[in-house]
1. For D47 and R65, compute 0.36 nm times the residue count separating them, minus their Cα-Cα distance, and round to one decimal in nm.
2. Any chance you could run the full-extension gain for L84 through E22? It's 0.36 nm times the residue separation minus the Cα-Cα distance, nm to one decimal.
3. Calculate the FRET efficiency for V32 and R10 from the Cβ-Cβ distance with a Förster distance of 30 Å, rounded to the nearest 0.05.
4. Once you list every other residue whose beta carbon is under 10 Å from the beta carbon of E63, what net charge do they have if Lys and Arg are +1 and Asp and Glu are -1?
5. Alpha carbon centre of the range 61-84 versus the range 8-57: separation in Å?
6. So how strong a dipole does the range 4-84 carry about its Cα centre when Lys and Arg Cβ are +1 and Asp and Glu Cβ are -1, to the nearest 20 debye?
7. Could you state the orientation-averaged shadow area of the convex hull built on the Cα atoms of the chain, in nm² to one decimal?
8. Could you grab the relative contact order for the chain? Cα pairs under 8 Å, six or more apart, rounded to a whole percent.
Amino acid sequence: MSYGQAEGTRPLITLEKLRKGERGVIKYLPGVELRARALRLGLATGDRVECLSVLPGGPVVIEVRGQEVAVGRNLARRILIAPL
């Protein structure tokens, strides 16, 4: 599922869609509450992330700024990423 695409670039995807080893840049955190939840985990728009693992039915584990962060599925499906 893609949410948007700038001309000449790949479409945005949700963080939930990243697979192990894939990288991306956080492009959009919709809503004040979601941004606050993401900030508590150390995530912000413009951060580069790498997917370390996707646990079946569980969180998406990413690396951001040298930290491993487990992002729950509900949050991961709302964070938009530009794949690298």
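Rule-based calculations on the coordinates, nothing more; no lab input. Quick caveat: nothing in here was measured; it's all calculated off a predicted structure. Backbone-built Cβ (ideal geometry, glycine too); neighbour counts: all protein chains shown.
1. 5.7 nm
2. Roughly 21.6 nm would be gained on extension.
3. Numbers: r = 28 Å, r/R0 = 0.93.
Computed FRET efficiency for V32 and R10: 0.60.
4. Net of charged neighbours comes to +1.
5. With the range 61-84 and the range 8-57 each reduced to a Cα centre, they are spaced 4 Å.
6. Details: 14 positive and 8 negative charges, 26 e Å.
Charge dipole, the range 4-84, about its Cα centre: 120 debye, nearest 20.
7. Details: hull surface 20.6 nm².
Average of the hull's projected areas for the chain equals 5.1 nm².
8. Computed over the chain, the figure is 39 percent.
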